[in-house]
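The values are calculated or read from the model by the stated rules, or taken from the named source; none is laboratory data. From a predicted model like this one, the values you see are computed outputs, not experimental measurements. In this analysis, Cβ positions are derived from the backbone assuming ideal geometry, glycine residues included, and neighbour counts consider all displayed protein chains.
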Amino acid sequence: MRRRQRRLTFTANLPSATHSRKTMPARRPCRSLYNDFRYLFAYDNGAEILMLRFIASSLLLMAAAGAPLGPPFDIPSFTISGVLPPYLGPTATDPAAMSPYPTTLTRIANRLCASGERKVILRGLLRYRQALNGIGLSDGFQWLSGSFMEDIETIESRPPRDIDVVTFIHRPAAVANDPAWLLFFNAHLNLFQPPAVKAAYHCDAYFIDMNTGPENIVNQTRYWFGLFGHRRTGLWKGLLQLPLAVSQDDTDASGIVGP
């Protein structure tokens, strides 16, 4: 027997969350989350979907109260200007909702690799990460920016040319002291010099040595966040963040974009 379907109109009776707003600004649920769950309220398909509706409602209520729903796995939708938003919500006062957004390579492969050119660039990033891990650099994280992280096809009617990468590196224990690190660095210039990395891996790549002094780390972070957090026009935009260590996520992303 064909199951009867009845169109429903869903209205969320959200609490005022006045108390929550005193400690964290309330935010709307991100558009991607809304789209993921919107279908749950479209049809009355019987009791088997009630639990899913309850979960979806709970998530929407959490969002209204200010609970973060995007990071660490969602990639925010592009803004009307074709870039990732620099923050989620009405203001930039919530640290948990600020760029860079922690995400996964699998999310990037599924979301930002619709064209052949984009797949080539992500394959280059995957190989670059493998090369860094191959010489013992796996403790750290990476910030991603550039035209690859924009809707550049719409903005400038062209595909992205590369991906901007800032790698935050903790030195391996065997080369932690400065003389040993200098020898190590010079032995692997092909992975540290931006022109060489760009030619081999489609990455406009830079790094921050986390074993240097706090003032140097803060100064370099300020520079790269300010530079890669804006378009050349001055438009503020968001970045993505990945753990440096290669994992199953790299393998899964490679399976999506090809070897």
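Counting the residues of the range 208-259 that are out of contact with any Leu (no Cβ under 8 Å at 6 or more places or on another chain), charged (D, E, K, R) and part of a helix (DSSP H, G or I) gives 2. Listed by first and then second residue, the pairs with beta-carbon distance under 7 Å, at least 6 apart or on different chains, first residue in the range 202-217 and assigned by TED's automatic domain parsing to the domain that holds ARG123, second part of a strand (DSSP E or B) and of a type outside the set (A, V, I, L, M), are ASP204/ASP164; ALA205/THR167; PHE207/THR167; ILE208/PHE168; MET210/GLY140; MET210/PHE168. Filtered by the rule that a residue be among the basic types (Lys, Arg) and either touching a Lys or Arg at 6+ places or on another chain (Cβ under 6 Å) or without any contact (Cβ under 8 Å) to a residue 12 or more places away in the chain (or both), the range 149-201 gives a lone residue, ARG158.
Quickly run through the range 86-107 and pick out the residues that are in contact (Cβ under 8 Å) with a residue 12 or more places away in the chain, more than 30 Å from PRO259 (Cβ to Cβ) and touching a strand residue (DSSP E or B) at 6+ places or on another chain (Cβ under 9 Å). Those that are in contact (Cβ under 8 Å) with a residue 12 or more places away in the chain, more than 30 Å from PRO259 (Cβ to Cβ) and touching a strand residue (DSSP E or B) at 6+ places or on another chain (Cβ under 9 Å): PRO86, TYR87, LEU88, THR93, ASP94, ALA97, MET98, SER99. Within the option set PRO159, PRO172, PRO179, being under 30 Å from LEU84 (Cα atoms) and surrounded by fewer than 19 Cβ atoms within 10 Å (Cβ to Cβ) holds for one residue only, PRO159. Inspect all residues belonging to the range 83-94 and state whether any of them is modelled with pLDDT of 95 or more, surrounded by 15 or more Cβ atoms within 10 Å (Cβ to Cβ) and of a type in the set (Asp, Glu). Checked against the condition, which is being modelled with pLDDT of 95 or more, surrounded by 15 or more Cβ atoms within 10 Å (Cβ to Cβ) and of a type in the set (Asp, Glu), the range 83-94 yields no hits at all. Among the numbered conditions (1) closer than 30 Å to VAL83 by Cα; (2) surrounded by fewer than 17 Cβ atoms within 10 Å (Cβ to Cβ), the only one that ASN211 does not meet is (1).
Condition check for HIS202 on (1) of a type outside the set (A, V, I, L, M); (2) on the phi > 0 side of the Ramachandran plot; (3) touching a Phe, Trp or Tyr at 6+ places or on another chain (Cβ under 8 Å): one failure, at (3). Condition first: of a type in the set (Phe, Trp, Tyr) and closer than 23 Å to VAL197 by Cβ. Can you find one or more residues in the range 92-105 that meet it? Checked the range 92-105: no residue is of a type in the set (Phe, Trp, Tyr) and closer than 23 Å to VAL197 by Cβ.
In the range 149-168, is there at least one residue being over 26 Å from ARG111 (Cβ atoms) and in contact with a Gly (Cβ under 9 Å, 6 or more places away or on another chain)? Checked the range 149-168: no residue is over 26 Å from ARG111 (Cβ atoms) and in contact with a Gly (Cβ under 9 Å, 6 or more places away or on another chain).
For the range 224-245, enumerate the residues that are free of Cβ contacts under 8 Å to residues at least 24 places away in the same chain and over 13 Å from TRP143 (Cα atoms). Once the filter is applied, which keeps residues that are free of Cβ contacts under 8 Å to residues at least 24 places away in the same chain and over 13 Å from TRP143 (Cα atoms), the range 224-245 yields HIS230, ARG232, THR233, GLY234.
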